[in-house]
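What follows is a set of notes on a single structure, which appears directly below.
Derivation of every value follows stated rules applied to the coordinates shown; laboratory data play no part. Here the structure is a predicted model, which means the values were calculated and not measured.
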Amino acid sequence: MTGIIALMMFVSILLGMCALFGLLWGIKTKQFEDYSKFLDGTKFDSEDALNDAYKMEQKKKEALKNRKDNKDLKKDKGYRPPD
């Protein structure tokens, strides 16, 4: 039983070290830096696409507000079990 636990610990430490090595390698070789991504995103989007995204964001905010209002109404009524 102790041998299995030691093997599991060894494998988990080895996998953790591999993940850490991969992360450090990615940072060192600048795999996560993309300065032009945000600029290119707005440059190649049309005005209609930006307006649609804005409208979708407004609908999302309105839906969250309505959900919150509905929860407040339910709290006021209290819990009533079905008959």
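Return the subset of LYS28/LYS59; LYS37/LYS59; LYS30/LYS68 for which the Cα-Cα distance in this structure is over 31 Å, preserving the input order.
Numbers: LYS28/LYS59 41 Å; LYS37/LYS59 26 Å; LYS30/LYS68 42 Å.
From LYS28/LYS59; LYS37/LYS59; LYS30/LYS68, over 31 Å: LYS28/LYS59; LYS30/LYS68.
Starting from the Cα-Cα distance between ASP69 and THR2, subtract it from 0.36 nm times their residue separation and give me the gain in nm to one decimal. Please list the in-between numbers first.
On the way: separation 67, 0.36 × 67 = 24.12 nm, distance 5.60 nm.
Extra length from ASP69 to THR2 when fully extended: 18.5 nm.
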